[in-house]
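Participant: First the structure, then my questions, so here it is.
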Amino acid sequence: MSYRPSNLVCCLLLLVLACTVAAAGARADDGRQDDARLKPLIAALDHDSADERVRAAEGLGHLGPRAKAAVGAIIGRLQDEDALVRATAAWALGRIGPDAAPAVPELIVALEDSTVHEDGWSVGEMACEALGRIGPPAATELMAALDSPHAHVRRGAAIALYGAGPAAKAAVPKLIAMVRAGDPATLEPAIHALGGIGPDAAAAVPDLIGLLDSERLQTRWLACRALAGIGPEAGAAVPRLLELLEDETTSTRVNAALALGRVGGKSADAVVPPLVKALSDRRAAVREEAVAALGVLGPAAGAAAADVERVLADASFPARIPAAKALWQITGKAETSVSFLAGQLGRIETGLDAAVTLGDFGPEAATAVPALIASFSSPEPEIRAAAAETLGRIGRAAEPALPALEKLADDPVEEVREAARAAQHRIAPR
């Protein structure tokens, strides 16, 4: 006997087909809309008016990666006679991100453009920011630029290398040499870049520990952050960081706590008690970083679970949202934290942070789906967008939110519409 599908099955198959076609049509519509925006903006890059060229570059930058077809045209504006056009072109390429990799050689050259705008920034600084946003595809050119005879180019290259991450590991010896040279123009960018490279920069740990005693406050906390970026491979810094957790300067204590959470995993017995003590620090910023650091330590901070639960229940504690995340990271149990965070979604002052933090829980935040849907009525577009993004990160468990996300896809704010569409695709991929 041959199988014949029931009417219900046929209806379901037709519904799935219709949804697939509709999704494909929506993506095609999005592509056509992007093309419709790109063409006039690309054409305006050649306008006689510098103001119009600036507006065109700004418009392309706001499209982000969707403007990748315009990269070639934007590169041409890096040679514009008007400094503001050149700077805006560099900014736009950064907003496009890794897809703007073909612009890297020209952006390296633009690092030498020291023309200063009346607002105080230079074209070279905009190029530096762009190279950092392009990230790993820019690593090779940036490493070569560390050898430039011009200090401002070396400085810009070091700043941008932070965004290249581990792809820039071959630059570690040069960056260590820059640290040891102590040139004020390049010292702190080099420190920052080493932190961005991460564990592959472990050879720099002794030099970074030495910088924790710098007379310059900013150098000390940048060294803390670089050690944090290197992670457990920087464990030798723990004793000095514990001393800095008692420093009289608030920013030093904040950054020492941050670093201890990331480098202290192998020394949890020594690190956890001082971080618990810091939960009572006189400065709110220190208390917040201390509870976050305990969370980063995860199960290794198990002895602090009761203390973190205590501050989560304390309405006067200034960092209850980080405490909720930390409790989950330490115990592996999400229920208490998710319940607390869901209750914070309806408040303007905490809604955004709560929505973003719930996204870190992924499917474990499924019980917060109704509260996240309710956040779509928030007057703040950032909260609506964050709630949608978090529902996407929850995944299939957020299927009850699909009708509300469909409505949100017509939100008046483009950022919210994009977040809603992306969430739909993640929850119900087709």
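Participant: Taking the Cα centre as origin and putting +1 on Lys and Arg beta-carbons and -1 on Asp and Glu beta-carbons, what dipole magnitude results for the stretch 315-389, to the nearest 20 debye?
Facilitator: 180
Participant: Further question on the same structure: For Cα pairs less than 8 Å apart in space and 6+ apart in sequence, what is the mean separation divided by the residue count of the stretch 225-320, i.e. the relative contact order in percent?
Facilitator: 25
Participant: Under 27 Å Cα to Cα from LYS39, which lysines show up? Leave out anything in the same chain fewer than 8 places away.
Facilitator: Filter leaves LYS68.
Participant: What ranking do 178-187, 384-393 get when scored by the average of other Cβ atoms within 10 Å per residue, highest first?
Facilitator: Those peptides, ordered most packed to least, come out 384-393, 178-187.
Participant: Hey, in the GNM for the chain with a 10 angstrom Cα cutoff, which one of PRO136, PRO232, PRO149 fluctuates hardest?
Facilitator: PRO149
Participant: Then there's this: Place +1 on the Cβ of every Lys and Arg and -1 on the Cβ of every Asp and Glu in the chain, take the dipole about the Cα centre, and give the residue among LEU41, ALA90, ILE176 whose Cα lies farthest towards its positive end.
Facilitator: Ranked along the dipole, the leading option is ILE176.
Participant: With unit charges on the beta carbons (Lys and Arg positive, Asp and Glu negative) and the dipole taken about the Cα centre of the chain, which residue among GLY156, THR250, PRO379 sits farthest to the positive side?
Facilitator: Final value for the positive-end residue is PRO379.
Participant: Could you calculate the FRET efficiency of ARG426 with ALA285 from 1/(1 + (r/R0)^6), where r is the beta carbon distance between them and R0 is 30 Å, rounded to 0.05?
Facilitator: Working from the Cβ atoms, E equals 0.30.
Participant: Then there is this: May I ask you to compute the full-extension gain from HIS117 to ARG310, defined as 0.36 nm times their residue separation minus their alpha-carbon distance, rounded to one decimal in nm?
Facilitator: Contour length minus the Cα-Cα distance gives 64.4 nm.
Participant: Under a no-solvent Debye model with one identical scatterer per Cα of the stretch 166-266, what's log10 I(q)/I(0) at q = 0.17, 0.21 Å⁻¹?
Facilitator: -0.64, -0.97
Participant: Here is a further query. Using r as the Cβ-Cβ distance of GLU243 and ALA374, and R0 as 56 Å, what FRET efficiency do you calculate, to the nearest 0.05?
Facilitator: The computed FRET efficiency comes out at 0.75.
Participant: Among GLY264, ALA303, SER114, whose Cα lies farthest out toward the positive end of the dipole of the chain, if unit charges sit on the beta carbon of Lys, Arg (+1) and Asp, Glu (-1)?
Facilitator: About the Cα centre, the residue reaching furthest to the positive side is ALA303.
Participant: Hey, another quick one. Please give the net charge around ASP46, taking every other residue with its beta carbon less than 11 angstrom from that of ASP46, where Lys and Arg add +1 and Asp and Glu add -1. Each step should come with its number before you reach the end.
Facilitator: On the way: positive: ARG53, ARG77; negative: ASP48, GLU52, ASP80.
Net local charge, ASP46 excluded: -1.
Participant: About the Cα centre of the chain, how large is the charge dipole given +1 on each Lys and Arg Cβ and -1 on each Asp and Glu Cβ? Please answer in debye to the nearest 20.
Facilitator: Numbers: 42 positive and 55 negative charges, 294 e Å.
That gives the chain a dipole magnitude of about 1400 debye.
Participant: On each of the three principal axes of the Cα atoms of the stretch 121-218, give max minus min coordinate, whole Å, ordered largest first.
Facilitator: Cα extents, longest axis first: 34, 27, 22 Å.
Participant: Could you list the square roots of 5 times each eigenvalue of the Cα gyration tensor of the stretch 343-408, that is, the equivalent ellipsoid semi-axes, sorted largest first and rounded to whole Å? Please report the intermediate quantities before stating the final value.
Facilitator: On the way: eigenvalues 52, 36, 16 Å².
Square roots of five times the eigenvalues give 16, 13, 9 Å.
Just so you know, all these numbers are worked out from the coordinates, no wet-lab data involved. Fair warning: this is a prediction, and the values are worked out from it, not measured in the lab. All Cβ positions, even for glycine, are placed from backbone atoms using ideal geometry, and neighbour counts span all protein chains on display.
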